[in-house]
Amino acid sequence: MGFQRAAQRIDELQEQCVDFLARICSIPALGPENHGAGEMAKYLVIRDRVRSIGPDLEEEVHSPDPRVPEGVRPNLLVVFNGKDRSKTFWILTHIDVVPPGERALWDHEPFQPRVENGILYGRGVEDNGQSLAASIIAVQAVKETCGLGMNVGLALVSDEETGSRYGLDYVLNKRPDMFKPQDLILVPDAGNENGDHIEVAEKHMLQVRFRVKGKQGHASRPDRTSNSLRAAARLIVELDERMPVRFPDRNSFFRPASSTFEPTKKEANVPNINTIPGEDVFFLDCRVLPEVELSRVLEEMRAAAREVDKKFGVETVVEEHLKFQAPQPTPADSPVVVACAQAVQEVFGVQARPVGIGGQTVAAFFRKRGLPAAVWQKALEVAHAPNERISIDDLVGNAKVFARMMV
Ligand SMILES: [Zn+2]
């Protein structure tokens, strides 16, 4: 059994892998938007480690960014040849991290990783260090034992946390030839504690601003005003009643299975109690099933606003604040999903199933280009939180899942 030997080798490499992960996570890799100097210092350590296992192809696809000292944001593509060279199993991970946030919420220094009872603590250990380190030892272990069944590619990118403009988006624009529709693309950057979710789809995101304009005046003379707050309140209720009825579609990939239309932010209106407000602004955050047209959603909202306008003598402007159109989902029977589910079953003994999520992941950049990408990892789900941590058992288990897919 080839895979058993690789799995055993991963166990032997565990300590070395934890040391490597702790070392790279001691180097903050924050983008300029997060007031950092970029990823280069951390990148160079990672590149050395990757080079030590002898890739057959190495491409640095650095993107120019004058805001960082070196003037570029590093991105690395390496390929290790396998027996079947007709397709490549890619694992994409990112080098950058988010800031620690409120320091007082951490029990120790965020950028001084440490191990305690099988748990490694530190900023970036889960997001995305665990999978980055696991993917490297997986390649090493398989290469040293049974050999790679197909080509394996590691894509290590910058700028995932701040939009991917200098990371994956740049790489895909610059080197579209590196990724093929028959490739298997795994993005181990999100997942749950059981490891039984393989994310293949996402909802559209639509944030809408409603600006309700009435007529301001003294609270004692409502007959001479149009109260924008009353109209806004009525419109929120109207949308709440109308939208789920007009968009009743359900898709069991997602939780919840339906589109959602949530009133969220409400801007301040008048500062005093004895004035009837003349303008109210509120927002809806909508997560819409990919099969629903976003233009229809907006149309329906405008129709609701017109009805309320007529009744309350106000004028409502309905505008898109932010729109993200979800790409076509990765088919649930695509090879990367099937292979991942098999490997998860074998290593962790759980039945993983394809799911959808409400927000965007970096996998969308692949899907937009018709490349089937799946998002999976087994993790404690504490990315971006204080006291970010991973279980070393997960680190090793995830490496075995990757190794199983490589064999
Ligand atoms: Zn991440």
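The values are calculated or read from the model by the stated rules, or taken from the named source; none is laboratory data. As the structure is a prediction and not an experimental result, all values here were calculated from the model. Note: ideal-geometry Cβ built from the backbone for every residue, glycine included; neighbour counts use all protein chains shown.
Structure notes:
- Any hit, region 226-241, residues being touching a residue at least 40 places away in the same chain (Cβ under 8 Å) and over 30 Å from Val314 (Cβ atoms): no
- The criterion of at least 1 residues that are closer than 17 Å to Arg367 by Cα, over 17 Å from the mean Cα position of the chain (by Cα) and in the same structural domain as Ser86 (by TED's automatic domain parsing) is met by the following strands (runs of 3 or more DSSP E) wholly inside region 166-217: 184-187.
- Failed item, numbered, when Ala268 is tested on (1) within 25 Å of the chain's Cα centre (by Cα); (2) modelled with pLDDT of 95 or more; (3) among the hydrophobic types (A, V, I, L, M, F, W, C): (1)
- Enumeration of residues in region 218-233 that are of a type in the set (A, V, I, L, M) and outside any helix (DSSP H, G or I): Ala219
- Given (1) out of contact with any Phe, Trp or Tyr (no Cβ under 6 Å at 6 or more places or on another chain); (2) of a type in the set (Val, Ile, Thr); (3) in contact (Cβ under 8 Å) with a residue 40 or more places away in the chain, index of the condition Ile95 fails: (1)
- Matching option when the condition is within 16 Å of the ligand (Cβ to nearest atom), on the phi < 0 side of the Ramachandran plot and modelled with pLDDT of 95 or more, among Val187, Val212, Val208: Val187
- Pairing each residue of region 340-367 that is among the aromatic types (Phe, Trp, Tyr) with any residue that is within 16 Å of the ligand (Cβ to nearest atom) and in a helix (DSSP H, G or I), provided the two are 6+ apart or on different chains, yields C-beta distances under 8 Å for Phe365/Leu168; Phe365/Asp169; Phe366/Leu168.
- Qualifying residue in region 6-22 (condition: outside any helix (DSSP H, G or I), surrounded by 13 or more Cβ atoms within 10 Å (Cβ to Cβ) and within 24 Å of the chain's Cα centre (by Cα)): no
- Selected residue (only one of Phe365, Phe348 is in the same structural domain as Lys180 (by TED's automatic domain parsing) and within 16 Å of the ligand (Cβ to nearest atom)): Phe365
- Condition met for Asn81 (under 17 Å from Thr162 (Cα atoms) and surrounded by fewer than 23 Cβ atoms within 10 Å (Cβ to Cβ)): no
- When Ala41 is tested against (1) part of a helix (DSSP H, G or I); (2) touching a Phe, Trp or Tyr at 6+ places or on another chain (Cβ under 9 Å), only condition (2) is not met.
- Under the condition of being in a helix (DSSP H, G or I) and surrounded by fewer than 20 Cβ atoms within 10 Å (Cβ to Cβ), the residues counted in region 91-142 number 3.
- Residue in region 44-63 that is buried (at least 19 other Cβ atoms within 10 Å of the Cβ) and among the small types (Gly, Ala, Ser) present: yes
- Ser164 passes every criterion in (1) of a type in the set (Ser, Thr, Tyr); (2) free of Cβ contacts under 8 Å to residues at least 60 places away in the same chain; (3) within 23 Å of Thr88 (Cβ to Cβ) apart from (2).
- Qualifying residue in region 163-170 (condition: more than 16 Å from the ligand (Cβ to nearest atom) and out of contact with any Gly (no Cβ under 7 Å at 6 or more places or on another chain)): yes
- Boolean, Glu320 is within 16 Å of the ligand (Cβ to nearest atom), modelled with pLDDT of 95 or more and over 14 Å from Val187 (Cβ atoms): no
- Scanning region 127-162 for residues that are acidic (Asp, Glu) and more than 16 Å from the ligand (Cβ to nearest atom) yields a single hit, Glu144.
- Subset of region 368-392 [away from the ligand (no atom under 15 Å from the Cβ), in a loop (DSSP other than H, G, I, E, B) and not aliphatic (A, V, I, L, M)]: Arg369, Gly370, Pro372, Pro386, Asn387
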